Amino acid sequence: MLRKSSTLTAALTALVGGLASALAAPAAHAAWALNMPPGVTAMSQRIYGLHMTIFWWCVAIAIAVFGVMIYSLVKFRRSVGAVPDSTLVHSTKVEIIWTVIPVIILVIMAVPAARTLIQLEDTSNTELTVKITAYQWKWQYDYLDQGVSYFSTLARDSDAARQLESGTDVFTVPHYLLNVDHPFVVPVGTKVRLLLTAQDVIHAWWVPDLAVKKDAIPGFVNEAWFEIQADKPGLYRGQCAELCGRDHGFMPIVVDARSKEDFAAWIKAQAAEQKQASTALTRSAG
Amino acid sequence: MSIKSDTHDSNTYYIPHGSPWPIVGSVALFVLMWGAVLFLNEWASAWAFLPGALILAFMFFGWFATVINENEAGLFNLQVDKSFRMGMMWFIISEVMFFAAFFGALFYARVLSVPWIAGAGTKIFNPLLLWQGYNPGWPTNGPAKVGGFEDGSFSIIPAFGLPAINTMILLTSGVTITIAHHALRAGKRNILTIFLAATFLLGFLFVGLQAEEYGEAYKELGLKLSTGIYGSTFFMLTGFHGLHVTIGAIMLLIIWLRVVRGHFTPGRHFGFEAVAWYWHFVDVVWLGLFVFVYWI
Amino acid sequence: MAEHAHTAHAGVTHGADHDAHHGPAHGFIQRWVMGTNHKDIGTLYLIFACVMFFIGGTMAMIIRLELFKPGLQFVDPMFFNSMTSMHALVMIFGAVMPAWVGLANWMIPLQVGAPDMALPRMNNFSFWLLPFAFTLLLGTLFIPSGAPAGGWTLYPPLSLQGGDSFPMAIFAIHLMGASSIMGAINVIVTLMNMRAPGMTLLRMPMFCWTWLITAYLLILVMPVLAGAVTMLLTDHFFGTSFFSAAGGGDPVMYQHIFWFFGHPEVYILILPAFGIVSEIIPTFARKPLFGYETMVYATASIGFLSFIVWAHHMFTVGMPLAGQMFFMLTTMLIAVPTGVKVFNWTATMWKGSMTFEPPMLFAIAFLFLFSIGGFSGLMLAIVPADFQYQDTYFVVAHFHYVLVPGSIFGIMGGVYYWLPKWTGNMYNQALAKWHFWLSAIFVNVLFFPQHFLGLAGMPRRIPDYATQFADWNLVSSIGGFGFGLVQLLFPLCIWQCVRGGERATDKVWESAHGLEWELPSPAPYHSWETAPSMPVIAHGASH
Ligand code: HEA
Ligand code: HEA
Ligand code: CUA
Ligand SMILES: [Cu+2]
């Protein structure tokens, strides 16, 4: 609950402190970002292109429509002596024009959108399948064919810093709230299929650079896929994108994209390790 | 509320001044809902419903009595009558939409979610990863066999048993009320009284048989409200319908009492017609239920 | 009082004593609690809406305060989620919808020449349900388990995890739904049955038309919401399986039912604003509304289309391709009738002779800022792009643009337009202009940066965020506090106007058209007891 006594003073300190820290914003984080990242898959770049296309269409329409409005506001004001033309009350012709033109624009927008959508839904020919299970509030990755499985949760330092009154300056925490203990390791240049489900409530797996956002729904399996470009290994960060309760804001995703060779080595080591661990477990149990 | 005789001019629209009933009704619903909250959160027993229900009954009684008195005093001109009719019609349409939500749930489950759980369409991984060996179909209580008997099994009520009889009962009641209406218009009060009585008796008979059916479903068939999606849709749809039949039958009873008291004229009988419309609405919903819940 | 001949048709009979015929009932309770006068009930609705706007706004301020900078400073995440959920429920069901019903109550009888609403007692009932509904809803803030925290959309299974507040919220929604349905029935019946003879449907002011369509939407979708939350209730308490796959149901089914209500609902929140803007612009452009009939048809088309677009809120749930395609295309189509409206408003200003009194300022800001919200809505409709936008602050920016400078500016514009008619006094226009300009500036500082946040990847409904989102959140919060503070000018301005001020003329605005302006200011307690005559109607008609 809101702690009433200190709220006001705290608000004022936050205001001053926030302003100060904004002005002194460390160059480390991508400050004042305005747009979506183009991402690292062919699909994400297409979607970025689509996003920019519709954005510019909207800008163009806005310039036209707002232009006329502003012109009227300047020109047809009584203070500059404008006289109303009360005969101008209806015109079937212009009304047809301004119904048809938007329809045409919409069709122009819809065609590439529909094409992209169809491609997005094509989950055939995938080379690696990973089942992702969402929990309140962590992710589980199951490499179905390799027998590797592990959980991924918010990194310790972020978790400590995010507590109320932690006293930590979160700007000092590396990748605050966007870091995990065990990243999701995938190969580049490979079509990876995700099978998403959840154990408790609905979550959504989202990594902006991959342009994948899909709900993880208890009792159902959803499919999604991505293929990271071969020259783009790296760490890509995302978050749960469906309200899932108290710690919805604290179940990030980190995708660790490695070259095919590195991935092969990694998964082999993991498989061996997990096999050993499980046999050790059965032996000690037996 | 005093009504001056010089004010009822048939050209004027009657606007009531001040009435306690709306605020009594609001309080009643509030208390009733609080009762429900207390009960559901296990803060109190089912008695918590009582105060709200009593105030609500008081409100209905008082409000309708007021309106009936005003009507008998001739305060309502044809335009007022039309307002009442339109109001009733739109109220019934809103009721239809309430049922539509539950019918929607039924269709969604039958046509989409149950097949999807079993892997239809693009959901091929559901049976592979989550619900191995689920045999979809209708009726179903889901892949986890929720509710029903210990072993998760349950049976359903065949359409052409009691439900068919109930259909006949409701359809007959639709006919009897129409006869009653014609009799009212023709001024044949005896026929009116008899057929109206027949209508609400049929209504109560229907409710009785439904209760009987519910008992059997719970005791012998393993069909309960908690029996998966079949039980959920079955009981919610037939339950809300049964509730509406009960309300409708009570309204018919009240209308009958008014008829016995000599209310309504061949030309002006909005109260009667409103209840008749309501009754037909309940009838039509039942036909939907019979076809989609019991039959196919 | 404008002269009007007695027509044979519509006079009025009042129930109570005849002495009170030309004034309010004696006694506070008689008038305000048991009353049936459409103006009094309208006033009650408007006051209620204003109180709720401030309560919902206070919750928004708590949200903006916590988001002022990264790291958790003030509230527990659960309480934050409650604030988000309650803010939305209070604003939508407590502020905007009651404000529309309040304006309908005040204006519809005046505008169509009716003596009152058609069903006055039900009118009182529908109002009085609201304070009780919100007592239940806001009461959840004071119980140990806390208020609902699953978002205003109440998606299961999350909402089913709710504690003792869960049934309270559900029953509150039932009461609000009942209230809305009764309000809508009253509007429809009034418009269909109480119009003065000669006031044909196609002579009705646009505010009446947009409200008529709104009322149809309300009647068709509020019961569906009631059904949806009832299923939540039985899933929670009585073991039904509507939203659980184990029993054969589906959590996504809830979303379909909810958005079948939810999408028409957002048009319920905006259509009356369209009507008000259509009244204001002709008055201050001194030119009749351009394409009146087209406006009527466009409104009806929007109403119709709103029923077949609902799943655009659920593109990420894994719908079949055909479904996604269908809902994308229908959603895009809504831009067409909406565009027609925007163009017609622009054409009304074209070759007009404009002055910029407070109502006009709000209407003009509405045109620009609502369109911006519409453009982002159109972007959201593009499914592949929505995969990137969905559940981010881009969506938050979209809907606040259509709701705050859309619906809220519509309400404020309407109040500033009709206030002199209600009180008989002109308000302090300078103060109202301050209110306008500061609001218009701050609302953009508040919500425009949220587009950037969303695109940069900030999810909605989170109490804390990664440091790269710090800058724009700071700006947005400052805009939020500014906008919030400025809103205090609104009740201040109204209060002053109620207390006194320069006498308003009957017409108030030099070139206002419509029956309401044929009555004296303030409008008498009982108006149009005898229907206006044809010449009066013709004089009032603006097209
Ligand atoms: C007043 C309320 C209101 C209004 C009017 C609208 C109007 C529109 N909305 Fe919005 N919307 C909301 C309230 C509203 N919305 C809310 C509350 C949510 C979030 C709910 C939640 O999740 O909590 C939401 C979410 C929402 C989503 C889901 C986003 C997501 O969660 O991923 C989508 C997707 O399609 C959408 C689309 C649209 C569209 C296409 C319109 C159209 O009607 C807009 C049409 C208008 C224009 C386009 C501008 C004017 C037109 C012209 C100038 C003509 C020329 C233009 C062209 C040809 C492009 N809205
Ligand atoms: C009509 C509807 C409506 C209105 C008017 C508003 C108004 C505002 N909204 Fe709201 N909002 C929604 C509907 C609305 N919102 C919905 C549907 C959601 C989604 C919820 C969900 O995800 O479930 C949402 C969510 C939402 C969020 C996202 C929360 C999250 O995702 O976690 C934010 C964050 O900034 C926000 C902010 C604001 C602000 C600052 C205002 C301001 O315009 C409010 C201004 C008003 C006041 C401030 C009150 C008046 C002034 C005072 C009380 C004086 C005191 C003032 C100070 C101390 C400064 N809203
Ligand atoms: Cu998991 Cu949100
Ligand atoms: Cu929508």
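The values are calculated or read from the model by the stated rules, or taken from the named source; none is laboratory data. Keep in mind it's a predicted model, so treat the numbers as computed, not measured. Cβ placement follows ideal geometry from the backbone for every residue including glycine, while neighbour counts extend to all protein chains displayed.
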Exercise. Which one is surrounded by the most Cβ atoms within 10 Å (Cβ to Cβ) among residues in segment A:164-209 that are in contact with a Gly (Cβ under 9 Å, 6 or more places away or on another chain) and of a type in the set (Gly, Ala, Ser)?
Worked result: A:ALA198
Exercise. How many residues are more than 16 Å from ligand 2 (Cβ to nearest atom) and either of a type in the set (Gly, Ala, Ser) or facing chain A (nearest Cβ under 7 Å) (or both) when one looks only at segment C:306-332?
Worked result: 12
Exercise. Quick one: what pairs do we get from segment C:253-276, first residue more than 14 Å from chain B (Cβ to nearest Cβ) and closer than 15 Å to C:PRO337 by Cβ, second β-branched (Val, Ile, Thr) and more than 9 Å from ligand 1 (Cβ to nearest atom), C-beta under 7 Å, 6+ apart or different chains?
Worked result: C:LEU271/C:THR210; C:LEU271/C:ILE213; C:LEU271/C:THR214; C:LEU271/C:THR299; C:PHE274/C:THR210; C:PHE274/C:THR299; C:GLY275/C:THR210
For this session: Kindly list, by first and then second residue, each pair from a residue in segment C:53-67 that is within 15 Å of C:PHE93 (Cβ to Cβ) to a residue that is more than 8 Å from ligand 2 (Cβ to nearest atom) and of a type in the set (Gly, Ala, Ser), limited to pairs with Cβ atoms under 7 Å and residues at least 6 apart or on different chains.
Result: C:GLY56/C:GLY94
Exercise. Out of (1) within 9 Å of chain C (Cβ to nearest Cβ); (2) at pLDDT 90 or above, what's the single condition that is false for A:SER166?
Worked result: (2)
Seminar exercise, completed: Filtering segment C:192-216 for residues that are assigned to a helix (DSSP H, G or I), of a type in the set (A, V, I, L, M, F, W, C) and within 11 Å of another protein chain (Cβ to nearest Cβ) leaves a count of 2
Exercise. Mind checking whether some residue in segment A:269-276 is under 30 Å from C:SER244 (Cβ atoms), out of contact with any Pro (no Cβ under 8 Å at 6 or more places or on another chain) and small (Gly, Ala, Ser)?
Worked result: no
Problem set entry | Conditions (1) within 16 Å of ligand 2 (Cβ to nearest atom); (2) touching a strand residue (DSSP E or B) at 6+ places or on another chain (Cβ under 8 Å); (3) among the aliphatic types (A, V, I, L, M); number of the one not met by C:VAL486 | (2)
Problem set entry | Test: B:SER173 is in contact with a Leu (Cβ under 6 Å, 6 or more places away or on another chain), away from every other protein chain (no Cβ under 14 Å) and surrounded by fewer than 19 Cβ atoms within 10 Å (Cβ to Cβ) | no
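Look through A:ALA134, A:ALA114, A:ALA110 and report the one residue that is small (Gly, Ala, Ser) and more than 21 Å from A:TRP57 (Cα to Cα).
So the residue among A:ALA134, A:ALA114, A:ALA110 that is small (Gly, Ala, Ser) and more than 21 Å from A:TRP57 (Cα to Cα) is A:ALA134.
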For this session: Name, by its number, the condition in (1) of a type outside the set (Val, Ile, Thr); (2) closer than 30 Å to B:ALA36 by Cβ; (3) buried (at least 24 other Cβ atoms within 10 Å of the Cβ) that does not hold for C:LEU212.
Result: (2)
Exercise. Do you know which residues across segment A:156-180 are among the hydroxyl-bearing types (Ser, Thr, Tyr), more than 16 Å from A:VAL254 (Cβ to Cβ) and assigned to a loop (DSSP other than H, G, I, E, B)?
Worked result: A:SER166, A:THR168
Exercise. Tell me, which residue of segment C:304-323 that is more than 21 Å from C:MET379 (Cβ to Cβ) and outside any loop (DSSP other than H, G, I, E, B) is farthest from ligand 3 (Cβ to nearest atom)?
Worked result: C:PHE304
Exercise. Pairs under 9 Å by beta carbon, first residue part of a helix (DSSP H, G or I) in segment A:244-255, partner more than 16 Å from ligand 1 (Cβ to nearest atom) and of a type in the set (Asp, Glu), six or more apart or different chains?
Worked result: A:GLY249/C:ASP464; A:PHE250/A:ASP159; A:PHE250/C:ASP464
Seminar exercise, completed: Of those in segment B:263-296 that are without any contact (Cβ under 8 Å) to a residue 24 or more places away in the chain and assigned to a helix (DSSP H, G or I), the residue surrounded by the fewest Cβ atoms within 10 Å (Cβ to Cβ) is B:VAL291
Seminar exercise, completed: Within segment B:235-244, the residues that are buried (at least 18 other Cβ atoms within 10 Å of the Cβ) and without any contact (Cβ under 8 Å) to a residue 60 or more places away in the chain are B:PHE235, B:THR238, B:GLY242
Problem set entry | Unique residue being within 16 Å of ligand 2 (Cβ to nearest atom) and of a type in the set (Asp, Glu) when the list is C:GLU265, C:GLU293 | C:GLU265
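So that you can scan it fast, the table gives a plain yes or no per residue for (1) more than 8 Å from ligand 1 (Cβ to nearest atom); (2) more than 25 Å from A:TRP98 (Cβ to Cβ):
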position	(1), (2)
C:ALA311	yes, yes
C:THR330	yes, no
C:THR346	yes, no
C:GLY352	yes, no
C:PHE356	yes, yes
C:LEU367	yes, no
C:LEU378	no, no
C:GLN388	yes, yes
Exercise. Only one of these conditions is not met by B:GLY222: (1) closer than 24 Å to C:GLY239 by Cβ; (2) surrounded by fewer than 17 Cβ atoms within 10 Å (Cβ to Cβ). Which number is it?
Worked result: (2)
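Yes/no matrix, rows are residues, columns are (1) within 16 Å of ligand 4 (Cβ to nearest atom); (2) in a strand (DSSP E or B); (3) within 12 Å of chain A (Cβ to nearest Cβ):
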position	(1), (2), (3)
C:ALA365	no, no, yes
C:PHE375	yes, no, yes
C:PHE387	no, no, yes
C:VAL396	yes, no, no
C:VAL415	no, no, no
C:TRP437	no, no, no
C:PRO463	no, no, yes
C:GLN468	no, no, yes
C:TRP472	no, no, yes
For this session: Could you tell me whether any residue of segment C:85-95 is touching a residue at least 12 places away in the same chain (Cβ under 8 Å), of a type in the set (Val, Ile, Thr) and near ligand 2 (Cβ under 10 Å from one of its atoms)?
Result: yes
Problem set entry | Residue within segment B:255-262 that is assigned to a loop (DSSP other than H, G, I, E, B), surrounded by fewer than 19 Cβ atoms within 10 Å (Cβ to Cβ) and either of a type in the set (Val, Ile, Thr) or out of contact with any Asp or Glu (no Cβ under 7 Å at 6 or more places or on another chain) (or both) present | yes
Exercise. Somewhere in segment C:289-302, is a residue within 16 Å of ligand 4 (Cβ to nearest atom) and assigned to a helix (DSSP H, G or I)?
Worked result: yes
Problem set entry | Contacts under 7 angstrom Cβ, first residue in segment C:154-165 being at the interface with chain A (Cβ under 7 Å from one of its Cβ atoms), partner outside any helix (DSSP H, G or I) and charged (D, E, K, R), 6 or more apart | C:PRO157/A:ASP200
Problem set entry | Of all residues in segment A:169-194 being free of Cβ contacts under 8 Å to residues at least 24 places away in the same chain and at the interface with another protein chain (Cβ under 9 Å from one of its Cβ atoms), the one that is nearest to the chain's Cα centre (by Cα) | A:TYR176
For this session: Considering only segment A:224-255, state which residues are charged (D, E, K, R) and either away from every other protein chain (no Cβ under 11 Å) or more than 16 Å from ligand 1 (Cβ to nearest atom) (or both).
Result: A:GLU227, A:ASP231, A:LYS232, A:ARG237, A:ARG246, A:ASP247
